[in-house]
Amino acid sequence: MVRLWEGEIPGYEPSLSEEIPKLTPYLIKSDKTHAAVIICPGGGYDHRAAHEGEPVAKWLNKLGVSAFVLAYRVAPYKHPYPLLDGKRVVRFLRYHAAQWQIDPDKILVLGFSAGGHLAAMVGTHFDQGDKKAADPVERLSSKPNGMILCYPMITCGEFRHQGSITNLLGDKPEQNIVDYLSGEKNVTNEIPPTFLWHTADDASVPVENTLQFAAALSKEQVAFEVHIFPHGRHGLGLADGNPEIAVWTELCAQWLKKMNFI
């Protein structure tokens, strides 16, 4: 495990949870710089699903990519702390790129479900860093170079996953925060290239989350690739045992190659 902050952790309250935001690295052995992917497991901002963490990291390792599973803060922590953790880890990997032989221009975020929401927020609400910050990590850009969003929750609006929104924002969030955390409303032409997949009959997070985000990316002429599978339950992860959907990993690997990430 690797701590994201060496000293004081912004917003850390042991009375809420003693767990701290941290990374589990899955590094490949390579004599060349290579891409890195930050994995944000889903779990409705209530927990982090194990099957969307380590197995995904090991799949990425086989592609020649180092992976880092992010233990971001979940309930009872609320916004802005998950996003703060997500932005921090992009800066953190950039700062330690030489140590881990990572190409600082090939850092991606990958998220499932609520973790997909977090990944999308990192990709839409990035900043270039505070050049005057005392912490050298905070001086670096939090912009990822690509996003992989798997059955993501994107919106806090009509097609939201209510449980995730409640865990993240409480029962009565202010409209400006709802809009800020609705990915489809915050797409610009500076968003990094994105790979998305969803199932059409997802009963937990409606497919409209992915469709609306893809439409917003298209409008802004952001490079993207989207795959909608006809049937499949929510939360499939790598979809082992479901060959019709498991092909998403091959499609994603092809996309990574096309985008020169691997």
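At-a-glance table
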quantity	calculated
Residue-span extension gain [residue 190 to residue 178] - 0.36 nm each, minus C-alpha spacing	2.2 nm
For segment 234-251, Karplus couplings with θ = phi - 60° (6.51, -1.76, 1.60), whole Hz, Gly/Pro x	6, x, 6, x, 6, 6, 4, x, 10, x, 5, 9, 4, 5, 4, 5, 5, 4
Spatial separation of Cα centroids for segment 1-62 and segment 168-235, in angstrom	22
Fully extended contour minus Cα-Cα distance, from residue 103 to residue 171, at 0.36 nm per residue	20.3 nm
Three-way shape call for segment 68-215 based on the alpha-carbon gyration tensor, with the a/c threshold at 1.5	prolate
Leading residue at positive end of dipole, segment 108-190 (Cβ point charges), from 121, 157, 137	137
Shape category assigned to segment 4-103 from the gyration tensor of Cα positions, a/c cut at 1.5	oblate
Stretch gain in nm, segment residue 203-residue 258, where the contour uses 0.36 nm per residue and the Cα spacing is subtracted	16.6 nm
Members of 22/62; 32/185; 219/258; 62/87; 58/185 lying beyond 29 Å, as alpha-carbon distances in this model show	32/185; 58/185
Point-charge dipole on Cβ atoms (K/R +1, D/E -1) for the chain, about Cα centre, debye to 20	700
Efficiency of FRET from Cβ geometry, residue 244 and residue 128, R₀ 45 Å, rounded to 0.05	0.60
Using a Förster distance of 41 Å, the FRET efficiency for residue 162-residue 31 (Cβ separation, nearest 0.05)	0.25
Antiparallel bridges, percent of DSSP beta bridges restricted to the chain (to nearest 5)	20
Helix-derived mean residue ellipticity, 222 nm - over the chain, DSSP H n ≥ 4, -39500 (n - 2.57), to 500	-8500 deg cm²/dmol
Taking 30, 164 and counting other C-beta atoms within 10 Å, the order from fewest to most	30, 164
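Coordinate-derived values only; no laboratory data. These figures come from a predicted structure and were not determined experimentally. Here the Cβ is made from the backbone with ideal geometry for all residues, glycine too, and neighbour counts use every protein chain on show.
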